[in-house]
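See structure below.
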Amino acid sequence: MDNGFQEAVGIVDDLDSSGQRIAAALGFVEIYRGKAPEAALVLLGMEDEQAVQELVLSHPTSDRGQIRLLSSQKQSHAIMRDGAQAWDTGGLFDVNIRALKSIDDLHHAMGMQGFVSPAPITGFDFDPVSVREVLERDSDGLCFALMERIKPPLSGFEDVGGPASWLFNATQVVSDFSAARDFYVEQLGWQVVQEASWTHPDGRNCMGLPAGLAPDILVTVGVYQANGLMEGSVEIIQFGCDGLDFSADCPPKRGWGALRFPVSSISDFQSRAESGGCKTIGPVPVDWALHGKCRAVAAITPWGVRLEALEPMTI
């Protein structure tokens with residue numbers, strides 16, 4: 001409870017194809033498949049749809065940071081953030097995964113499954129951490145950021161097998177960093193995990209910024225989580241350049257639709273979210289595979305990110 005998101009929700013065109021490609025690239029396994037609960041569709045704005053199926057992909061040695069994919073058998077959706085560049089604002093941009101062995105091999109595996117990158121694998125420093133990173137995006141608009149820690153040595157993943165970790169972070173690009181930071185820190189009461197700003201002096205970057213312009217574009221980043229951990233955390237990024245705004249481009253289109261957080265008090269979450277300017281849906285009762293019987297609320301931030309809070313129902 002109250003310890004970051006448990007799963008990221010993706011809306012896709014073909015459940016079998018997407019599930020197989022992601023599992024093959026990341027080494028994840030399918031642990032559930034069935035019909036999506038009607039109440040869950042209400043939270044996603046998909047209440048008018050029928051026969052929505054879902055599956056859950058999990059890291060084989062961890063039950064954190066899972067991926068839940070949904071697909072409607074009767075409607076093919078357009079893509080959220082369709083045509084957006086990395087610096088364009090609004091909605092969920094990506095989910096983050098650590099490369100536990102070789103980021104080069106993991107990048108190759110993603111490419112073999114149809115993912116493409118806007119830039120080569122890029123190394124960069126934000127003191128005291130050095131990483132190599134690459135973005136991977138598929139035809140459904142699902143974007144993964146692969147990260148390999150260079151220094152200091154990665155700890156806490158010694159017992160996690162396979163080529164990749166579970167999802168540990170999720171990114172949103174915002175036009176007003178201070179407002180988004182205030183929402184997570186002051187309204188929701190989450191702690192600061194990390195904050196930094198930098199440019200790319202040599203032009204090289206993993207986001208696809210033009211190399212000739214990147215040295216003059218300030219990138220401001222903040223990571224936040226209820227307990228100050230880089231586990232199920234959220235990341236906000238503001239680029240020092242103008243872009244398009246996709247804040248209104250929310251589900252039920254294809255792409256990353258929501259992050260789901262188990263919480264101890266759904267009423268507290270909803271009250272804080274509304275005070276922070278969110279539109280909320282619910283609470284609704286839902287019997288969810290893997291979560292059990294819950295009360296759930298969806299909060300949509302002013303920049304179009306959907307956060308779903310789940311509170312277990314007592315029997």
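Values computed for the structure shown
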| item | result |
| --- | --- |
| Mean separation of Cα contacts under 8 Å, 6 or more apart, over the residue count of region 214-315: relative contact order % | 24 |
| Whole-Hz couplings from phi, Karplus 6.51/-1.76/1.60, listed for region 149-163; x for Gly and Pro | 6, 9, 8, x, x, 5, 10, x, 10, 4, 9, 8, x, x, x |
| If the convex hull is drawn through the Cα atoms of region 189-293, its volume per residue in Å³ | 162 |
| Long-range HN-HN contacts of GLN191 with modeled amide H, under 5 Å | GLN225, ALA226, ASN227, GLY228 |
| Rounded if a/c under 1.5, otherwise prolate or oblate - region 81-128, Cα gyration tensor axes | oblate |
| Carbon/sulfur fraction of accessible area - region 1-145, other protein chains in place, 1.4 Å, % | 46 |
| Carbon and sulfur %, accessible surface of region 159-315 computed with the full protein complex present, 1.4 Å | 50 |
| ³J(HN,Hα), Karplus 6.51/-1.76/1.60, whole Hz, each residue of region 193-202, x for Gly, Pro | 8, 6, 9, 6, 9, 7, 10, 10, x, 8 |
| Cα gyration tensor category, rounded, prolate or oblate, for the chain with a/c compared to 1.5 | rounded |
| Listed residue (CYS143, THR199, GLN172) projecting farthest to the positive dipole end of region 123-215, Cβ model | THR199 |
| Global form of region 86-192, assessed from the alpha-carbon gyration tensor, a/c cut-off 1.5 | oblate |
| Accessible area in square angstrom per residue, the chain, 1.4 angstrom probe | 41 |
| C-alpha long axis of helix 103-112 to longest principal axis of the chain, angle in ° | 60 |
| Cα centroid of region 261-312 to Cα centroid of region 1-66, whole Å | 17 |
| Integer Hz, Karplus 6.51/-1.76/1.60 couplings in order for region 293-301, x for Gly and Pro | 7, 9, 10, 9, 9, 9, 10, 9, 5 |
| Extension reserve of the LEU290-GLU38 stretch, reckoned as 0.36 nm per residue once the Cα distance is removed | 89.1 nm |
| The chain - percent relative contact order, Cα under 8 Å, separation 6 or more | 24 |
| Alpha-carbon centroids, region 107-185 and region 81-102: separation in whole Å | 8 |
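The values are calculated or read from the model by the stated rules, or taken from the named source; none is laboratory data. As the structure is a prediction and not an experimental result, all values here were calculated from the model. We place every Cβ from the backbone using ideal geometry, glycine too, and count neighbours over all the protein chains shown. Protein only, heavy atoms only, side chains kept; ligands, DNA and RNA dropped before computing areas. Shrake-Rupley method; radii C 1.70, N 1.55, O 1.52, S 1.80 Å.
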